[in-house]
Amino acid sequence: MVTDPISDLIIRLKNGSDAKKPLVSVPYSKFAENIAHALKKAGYIESVEKKGKDLVKTLEIGMLYVPGSGARIHGVDRISKSSRRVYQKAEDIRTYRSGFGNTIYSTSKGVLTDMEAKRTKVGGEVLFKIW
């Protein structure tokens with residue numbers, strides 16, 4: 001049993017990217033699906049598909065690779081953990097790695113990247129950083 005499903009999701013994506021896997025399978029949850037769709041919109045993954053029935057559901061995530069330079073995901077950093085939650089106001093949101101990385105937020109309007117959260121003027125829990 002996984003105690004932190006968000007950490008499990010992002011580490012599986014990082015490891016799959018490092019191993020040049022075309023697909024990564026993660027346990028399904030609605031929150032994991034929302035995170036995957038936010039990452040797809042930000043350009044880190046190629047596809048998200050729910051597989052399975054009833055009790056055994058998984059998310060099949062298609063990895064995105066850039067020709068010549070390799071993997072699109074180079075690193076991840078979990079910010080808000082189960083032992084310490086980190087929140088940020090909309091006016092305190094800054095770009096990460098001069099725009100070459102993204103911070104993912106859980107907001108009242110769903111899971112958003114840093115630029116989407118700043119554009120909609122909504123803050124929330126800082127989930128993780130990805131580059």
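The selection criterion, being without any contact (Cβ under 8 Å) to a residue 40 or more places away in the chain and either open to solvent by 80 Å² or more (accessible area, probe 1.4 Å) or touching a strand residue (DSSP E or B) at 6+ places or on another chain (Cβ under 7 Å) (or both), holds for SER98.
Output the residues belonging to region 1-23 that are closer than 17 Å to VAL66 by Cβ, touching a residue at least 24 places away in the same chain (Cβ under 8 Å) and aliphatic (A, V, I, L, M). Reasoning before the result, please.
So the first thing to find is which residues in region 1-23 are closer than 17 Å to VAL66 by Cβ, and the list is 13-14, 16-22.
Filter once more, keeping what is touching a residue at least 24 places away in the same chain (Cβ under 8 Å): 13-14, 16-18, 20-22.
The one that is closer than 17 Å to VAL66 by Cβ, touching a residue at least 24 places away in the same chain (Cβ under 8 Å) and aliphatic (A, V, I, L, M): LEU13.
Any idea which of ILE93, ILE61 is in contact (Cβ under 8 Å) with a residue 12 or more places away in the chain and either under 13 Å from the mean Cα position of the chain (by Cα) or closer than 18 Å to LYS40 by Cα (or both)?
On the way: ILE93 fails: either under 13 Å from the mean Cα position of the chain (by Cα) or closer than 18 Å to LYS40 by Cα (or both).
Just a single option satisfies the conditions, and that option is ILE61.
Taking region 112-130 only, how many residues are touching a Phe, Trp or Tyr at 6+ places or on another chain (Cβ under 7 Å) and part of a strand (DSSP E or B)? Looking only at that region, the number is 7. TYR87 fulfils the conditions (1) open to solvent by less than 90 Å² (accessible area, probe 1.4 Å); (2) at pLDDT 95 or above except for a single criterion, (1). Only one of the listed residues (LYS53, LYS14, LYS20) is more than 17 Å from PHE128 (Cβ to Cβ) and at pLDDT 90 or above. That residue is LYS20.
The values are calculated or read from the model by the stated rules, or taken from the named source; none is laboratory data. Please read all numbers here as calculations on a predicted model, not as lab measurements. Because the Cβ atoms are built from the backbone with ideal geometry, glycine has one as well, and the counts that use them run over all protein chains shown. When the accessible area is computed, the model is the full protein with side chains, heavy atoms only, and any ligands, DNA or RNA have been set aside. Shrake-Rupley method; radii C 1.70, N 1.55, O 1.52, S 1.80 Å.
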